[in-house]
Every structure is written in structure tokens, then in C-alpha cells.
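Undergrad: The structure under discussion is supplied below as C-alpha cells; questions concerning it will follow.
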Amino acid sequence: MSAGPARDADAVIVGSGPNGLAAAVVLARAGLSVVVLEAESTLGGGARTLDLGLAPGLVHDLCSAVHPLAVASPFFREFDLRSRGVQLVTPEVSYGQPFDTGPAALAHRDLGRTAAGMGPDARAWERFFRPLLAAPDALVAAALGDKRSLPPLTGGAGGRDGVRRGAPDGPRSADRLTAIRALGSFGLRVAGEGTPLWNLPWRTERAKALLTGVATHAIGRQPSLTTAGTGLLLATLAHADGWPIPRGGSQAITDALVADLTAHGGEVRTGVRVRSVEDLPPARAVLFDTTAEAAAAVLGDALPARVGRGLRGLGHGPGAAKVDLVLDGPIPWADPRLGDAGTVHVGGTRAEMAAAEAQVVAGRMPARPVVLVSDPGRFDASRVVDGLRPVWAYAHVPADCPIDPTRSVLAQIERFAPGFRERVVAVRGTPASRMAEHNANLVGGDISGGRLGPARLVARPRWAWETKRLAGTSAYLCSAATTPGPGVHGMAGFHAARDVLAQRFGIRDGVSLGV
């Protein structure tokens with residue numbers, strides 16, 4: 001992989017994030033000549049694992065670390081990462097929520113065990129999630145569909161280990177009626193958790209905060225339909241296939257995609273920065289795994305004015321600021337059971353997290369921001385080198401915030417893990433304003449690829465029936481800036497590739513993704 005002009009191709013993909021690589025894999029498997037252009041020296045975009053120089057031999061996940069959709073996404077379900085040598089370690093506790101006093105709340109993979117820890121809310125938690133777990137793939141198919149057609153409501157069966165096969169659109173549903181009921185139940189629950197009625201079903205802070213913490217994966221005001229929908233989908237997956245962590249880091253997912261691409265004749269070139277159409281080799285189709293405004297900037301006058309305005313109008317949401325840590329031992333949580341959680345949502349009570357997120361949306365840095373934490377070495381011994389381990393943390397901050405997040409993150413974790421600072425051997429903080437330095441898509445720290453909201457998850461990036469094809473050109477958008485939105489799921493790339501095959505090459509037959 002080297003810099004330099006790319007050869008002529010049927011399709012060129014700009015950017016090598018999970019969506020760009022998913023699109024490249026589909027197109028190459030369809031028999032097209034495919035070239036991927038990546039500005040950075042390493043591949044993967046938000047799914048990279050690198051040695052940051054903080055400790056000898058220790059590697060850190062630059063963006064994504066825990067992957068609920070690595071086995072649930074219809075694309076990855078058929079691509080089947082495990083069959084390609086990617087080892088996915090799934091913690092029995094998907095996520096946890098610490099409190100200043102009393103035991104933490106834990107979301108076990110086992111629904112009954114989770115409910116048992118909810119005290120007076122035990123039966124309510126069971127009733128809340130049981131209908132959703134009757135057809136989890138129906139929920140995934142609806143959430144990750146192209147938002148232009150009804151998702152199929154029947155599909156192949158699958159096992160507890162999360163390895164499932166079938167067409168990329170086919171959910172694992174017992175039957176159509178069960179799937180429809182699950183979707184209806186999901187909608188009702190989103191309507192409750194996403195509005196001021198969100199406290200009605202719950203008697204305990206444990207249940208309220210556990211749901212709020214998982215909803216913060218969509219950075220935004222709470223309650224809202226967007227954060228509630230994201231949180232309930234992730235919470236359902238936590239009780240279904242769990243939240244797996246790739247052994248060795250997120251790079252394992254990228255490497256599997258690249259290996260399949262090159263095995264089918266695809267080419268990848270690093271160190272190639274595309275700033276204008278002059279930087280693009282001749283191709284019958286160009287797919288942008290970039291922000292919407294970056295695609296508009298590259299295409300320039302070749303893009304109809306209305307399309308360009310639509311792309312630039314998506315804008316960006318609040319930011320995330322990263323802190324990479326090296327510890328000489330596990331995080332000393334006040335409740336040791338949190339060490340069994342793959343992800344810990346640090347923020348306190350529902351009211352505290354809602355207040356912090358509201359400040360972020362308003363452009364103010366909260367004194368106690370919401371922090372997401374993961375210690376992959378707890379589940380993957382290969383990540384621990386000479387007794388040192390990487391710890392991954394994000395703080396939610398205002399868009400483009402220039403403040404180094406290190407102090408806030410250390411204080412928040414120390415709040416629930418006394419003695420944490422004494423374990424820190426090295427630390428590197430990256431303000432939201434500098435997140436784009438290692439990934440141009442993370443403008444101002446926006447890890448969602450553009451503003452989120454119910455309308456913006458359907459009309460994404462602009463109001464048009466075809467959300468991926470950039471009208472008037474042979475270009476397509478295949479990033480998180482288009483439907484179905486953010487996440488390491490590959491579905492924006494899959495949908496875009498399917499459109500390219502049908503519209504540019506007249507190929508409408510399905511493409512097999514299996515080994």
C-alpha cells in the first residue's frame with residue numbers, strides 16, 4: 001500500500017472506514033475493479049488500533065473499541081467475522097453504571113440476571129425488554145435499513161454465539177407476526193423513554209440511570225427520540241448477542257475487510273488525499289466514505305447547486321474528546337463488579353447525565369461530563385504488555401471544544417474508582433477540536449457523521465428520495481453522513497454499493513458475502 005496515482009477502475013472509494021471498506025468488498029465481489037484511496041498512512045478510519053507511543057508494545061483503539069453491531073449488523077452477519085479469523089470476546093456484563101453511593105447497575109447478557117439486580121424494578125425491566133428480544137434482528141433490520149423500503153420481517157435462524165447467516169437484509173425473526181409485534185413494542189418504548197414521560201415506568205434510579213447511560217451513545221439532549229432509539233437498540237443487543245470486543249483491537253475488523261477486498265482483486269492506496277475531482281482517477285462511480293461537506297468540496301462545480309447545499313446543510317453535532325490511558329492494573333472501581341463490564345457509562349444519575357448532555361448541546365463544557373470507559377485488557381490478555389494495559393475513554397463535550405479532556409475524565413473516573421489516578425502510567429488527551437487530525441470525518445469531535453435527529457436519520461444528508469446518489473454526477477455517499485447513520489455496521493456502504501451496482505452497472509442480483 002503506497003501513495004501515488006491509482007489505476008483506472010470501475011469504482012473508486014474515498015476513505016477506508018468500515019462503510020467504505022464494506023462498499024468496496026461488495027463491489028469487488030460483484031466482479032468490479034475497485035480502488036480505495038485513504039489519506040492516512042493506516043487503514044480503518046474509526047476502526048483502527050495503533051501504537052501511540054505511550055508504552056512499549058501497547059496498542060490503543062483510536063475511535064471504536066466495543067462493537068455491538070459486529071455480529072448484529074446484517075452486513076457483518078453474512079460477512080461473518082469469526083469465520084475470517086476475527087476473535088470476538090463477549091463480556092457477560094455488556095455495560096455498567098456506577099453511583100456515588102450503593103452498588104452499580106449492571107446490564108448482563110442474561111436478561112433475568114439483569115432484572116434481578118433492579119430491585120423493585122425487576123419485573124418492569126423484564127417486561128420492558130422481553131418483547132424486543134423475541135425478534136432482535138427485526139429491530140436491527142429496521143434501524144439499519146435504507147429508510148426507503150420496509151425491512152423484511154423473516155429470515156434465517158441463528159445461534160447464541162451470534163454467528164448467523166442469510167441475506168444481508170434478512171432478520172433473525174421467529175415469524176412475521178412476532179417481528180411486527182417487536183417493532184411495535186420498540187416504537188412504544190422509544191416514545192416513552194424519548195419524551196418527558198421517561199420516568200413513568202421506573203421506581204428506582206438504577207433502572208433510570210442504566211437506560212440513560214446507554215442512550216448517551218448518541219450524544220444529544222435527553223430525553224429525545226434519537227437518544228432513546230439508539231439506547232434501546234443497544235440495550236436490546238446487550239441482552240441478545242452481547243457487546244463483543246475484537247481480540248487485538250478494532251483493527252482486526254478492518255484487516256478482515258481489507259483481506260477480503262484484496263482477495264477479490266481490489267486495491268488499496270494509503271497517503272492519497274483527495275481534495276478535488278482532479279485527484280480522482282477515471283472511474284464509472286465514485287463513493288465517498290467522508291463527511292457530506294467533504295464530498296461537496298471535492299466535487300465542487302460538478303455538483304448541482306441544490307445538492308451541494310443539501311450536503312453542506314447536514315452540519316455537525318456535539319463533540320467527543322478522547323483520552324487514551326496506560327494503567328499498571330485494572331481500574332479500581334468502588335464496586336468491583338464493574339470490572340466485568342465491557343463498557344462503563346460514567347456520569348452518575350439520570351438527572352446528572354441529562355443535565356451534562358444539555359450543557360454540551362448548548363455549547364457549554366459541563367463540570368462533570370458523561371464519560372464512556374472500556375478496559376479491553378480485562379477480556380483480552382493480549383492487550384496487556386508487561387503488566388500495563390490500555391484504557392479507552394471518551395468525554396462528551398461541545399462541538400469543536402479546544403479543552404484538553406484529561407482532567408475532567410480523570411476526575412470523573414476517580415469519583416467512582418478511588419485510587420484510579422495512582423494506576424495511571426501515561427495519558428494522552430485529544431480535544432474535540434483536534435479529533436479530525438487523525439480522522440478527517442471527525443469534524444469538531446463529531447463521531448456521528450453529522451447532526452442527528454428523527455428527520456436527519458431519514459433525510460440524511462438531505463431531503464431527497466435517493467440519499468446516497470449525488471444527483472447529476474456519478475458519485476455516491478456511503479459514510480455515516482447518509483442512511484442509516486453512525487456506527488460500525490457497514491450498512492451505509494452496503495446500501496450504497498447495491499445502488500451503484502444497479503444504477504451504474506445494471507447488476508441487480510445479490511452478492512454473496514460468505515467465505
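The values are calculated or read from the model by the stated rules, or taken from the named source; none is laboratory data. Fair warning: this is a prediction, and the values are worked out from it, not measured in the lab. Cβ: placed from backbone, ideal geometry, glycine included. Neighbour counts: every protein chain shown.
Undergrad: Count, please, the residues in segment 437-489 that happen to be small (Gly, Ala, Ser), closer than 19 Å to residue 318 by Cβ and at pLDDT 95 or above. Spell out how you get there, then give the answer.
TA: To start, the set of residues in segment 437-489 that are small (Gly, Ala, Ser) comprises 440, 444-445, 448-450, 453, 455, 459, 464, 471-472, 474-475, 479-481, 485, 487.
If we keep only those that are closer than 19 Å to residue 318 by Cβ too, we end up with 440, 444-445, 448-450, 453, 455, 479-481, 485, 487.
Okay, now just the ones that are also at pLDDT 95 or above, so 440, 444-445, 448-450, 479-481, 485, 487.
Within segment 437-489, residues that are small (Gly, Ala, Ser), closer than 19 Å to residue 318 by Cβ and at pLDDT 95 or above number 11.
Undergrad: Same structure again: What are the residues in segment 303-333 that are among the charged types (D, E, K, R) and farther than 20 Å from residue 347 by Cα, if any?
TA: Restricting attention to segment 303-333, the residues satisfying the condition of being among the charged types (D, E, K, R) are 306, 309, 312, 322, 324, 328.
Of everything in segment 303-333, those that are among the charged types (D, E, K, R) and farther than 20 Å from residue 347 by Cα turn out to be 306, 309, 312, 328.
Undergrad: In addition: Any chance segment 171-187 includes a residue that's under 23 Å from the mean Cα position of the chain (by Cα), at pLDDT below 80 and under 24 Å from residue 480 (Cβ atoms)?
TA: Within segment 171-187, one or more residues are under 23 Å from the mean Cα position of the chain (by Cα), at pLDDT below 80 and under 24 Å from residue 480 (Cβ atoms).
Undergrad: Search segment 454-490 for residues being aromatic (Phe, Trp, Tyr) and out of contact with any strand residue (DSSP E or B) (no Cβ under 8 Å at 6 or more places or on another chain), and hand back the single one that is farthest from residue 228 (Cα to Cα). Break it down into steps so the answer makes sense when it comes.
TA: Initially, segment 454-490 is screened for residues aromatic (Phe, Trp, Tyr), giving 463, 465, 476.
With out of contact with any strand residue (DSSP E or B) (no Cβ under 8 Å at 6 or more places or on another chain) added as a condition, the list becomes 463, 465.
Details: 463: 23, 465: 26 Å.
Ranking the candidates gives 465 first.
Undergrad: Here is a further query. Surrounded by fewer than 19 Cβ atoms within 10 Å (Cβ to Cβ), in contact with a helix residue (DSSP H, G or I) (Cβ under 6 Å, 6 or more places away or on another chain) and over 29 Å from residue 96 (Cβ atoms): does that describe residue 312?
TA: Numbers: surrounded by fewer than 19 Cβ atoms within 10 Å (Cβ to Cβ): yes; in contact with a helix residue (DSSP H, G or I) (Cβ under 6 Å, 6 or more places away or on another chain): yes; over 29 Å from residue 96 (Cβ atoms): yes.
Yes, satisfied.
For every residue, the table says whether it meets (1) among the small types (Gly, Ala, Ser); (2) in contact (Cβ under 8 Å) with a residue 24 or more places away in the chain; (3) surrounded by fewer than 22 Cβ atoms within 10 Å (Cβ to Cβ).
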position	(1), (2), (3)
180	no, yes, yes
184	yes, no, yes
187	yes, no, yes
196	no, yes, yes
205	no, yes, yes
210	no, yes, no
213	yes, yes, no
219	no, yes, no
226	no, yes, no
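Undergrad: A further question on this structure: State all residues of segment 83-110 that are assigned to a loop (DSSP other than H, G, I, E, B) and of a type in the set (A, V, I, L, M, F, W, C); if no residue qualifies, say none. Talk me through it step by step, then tell me what you get.
TA: At the first step, the residues of segment 83-110 found to be assigned to a loop (DSSP other than H, G, I, E, B) are 85-87, 90-92, 98-104, 109-110.
Within segment 83-110, 86, 99, 104 qualify.
Undergrad: Here's something else I'd like to know. Does segment 257-267 contain any residue that is surrounded by fewer than 20 Cβ atoms within 10 Å (Cβ to Cβ), closer than 30 Å to residue 10 by Cβ and among the polar types (S, T, N, Q)?
TA: Looking for residues that are surrounded by fewer than 20 Cβ atoms within 10 Å (Cβ to Cβ), closer than 30 Å to residue 10 by Cβ and among the polar types (S, T, N, Q), one finds at least one in segment 257-267, hence yes.
Undergrad: Can you name every residue in segment 357-399 that is of a type in the set (Gly, Ala, Ser), within 19 Å of residue 450 (Cα to Cα) and surrounded by 19 or more Cβ atoms within 10 Å (Cβ to Cβ)? Reasoning before the result, please.
TA: Taking segment 357-399 as the starting set, the residues that turn out to be of a type in the set (Gly, Ala, Ser) are 358, 362-363, 367, 374, 377, 381-382, 387, 393, 395, 399.
Restricting the remaining residues to those that are within 19 Å of residue 450 (Cα to Cα) gives 358, 362-363, 395, 399.
Matches in segment 357-399: 395, 399.
Undergrad: Just one of 16, 41, 64 is in a loop (DSSP other than H, G, I, E, B), of a type in the set (S, T, N, Q) and over 16 Å from the mean Cα position of the chain (by Cα); which is it? Step through it out loud before you land on a result.
TA: Working: 16 fails: over 16 Å from the mean Cα position of the chain (by Cα); 64 fails: over 16 Å from the mean Cα position of the chain (by Cα).
Checking each option against the conditions leaves just 41.
Undergrad: Among 47, 39, 9, which is buried (at least 24 other Cβ atoms within 10 Å of the Cβ), touching a residue at least 12 places away in the same chain (Cβ under 8 Å) and among the small types (Gly, Ala, Ser)?
TA: Details: 39 fails: buried (at least 24 other Cβ atoms within 10 Å of the Cβ); 9 fails: buried (at least 24 other Cβ atoms within 10 Å of the Cβ).
The unique qualifying residue is 47.
Undergrad: Right, residue 455: of a type in the set (A, V, I, L, M), more than 25 Å from residue 281 (Cα to Cα), surrounded by fewer than 16 Cβ atoms within 10 Å (Cβ to Cβ) and in contact with a Gly (Cβ under 8 Å, 6 or more places away or on another chain) or not? Break it down stepwise before answering.
TA: Details: of a type in the set (A, V, I, L, M): yes; more than 25 Å from residue 281 (Cα to Cα): yes; surrounded by fewer than 16 Cβ atoms within 10 Å (Cβ to Cβ): yes; in contact with a Gly (Cβ under 8 Å, 6 or more places away or on another chain): no.
The answer is no for residue 455.
Undergrad: Restricting to strands (runs of 3 or more DSSP E) lying wholly in segment 352-471: which have 2 or more residues that are more than 20 Å from residue 487 (Cα to Cα)?
TA: On the way: elements: 371-374, 389-397, 424-430.
Result: 389-397, 424-430.
Undergrad: For segment 478-515, enumerate the residues that are surrounded by fewer than 24 Cβ atoms within 10 Å (Cβ to Cβ), among the small types (Gly, Ala, Ser) and part of a loop (DSSP other than H, G, I, E, B).
TA: 506, 510, 512, 514
Undergrad: If you check 109, 148, which single one turns out to be surrounded by fewer than 19 Cβ atoms within 10 Å (Cβ to Cβ) and either of a type in the set (Lys, Arg) or not assigned by TED's automatic domain parsing to the domain that holds residue 346 (or both)?
TA: Details: 109 fails: surrounded by fewer than 19 Cβ atoms within 10 Å (Cβ to Cβ).
After applying the criteria, what remains is 148.
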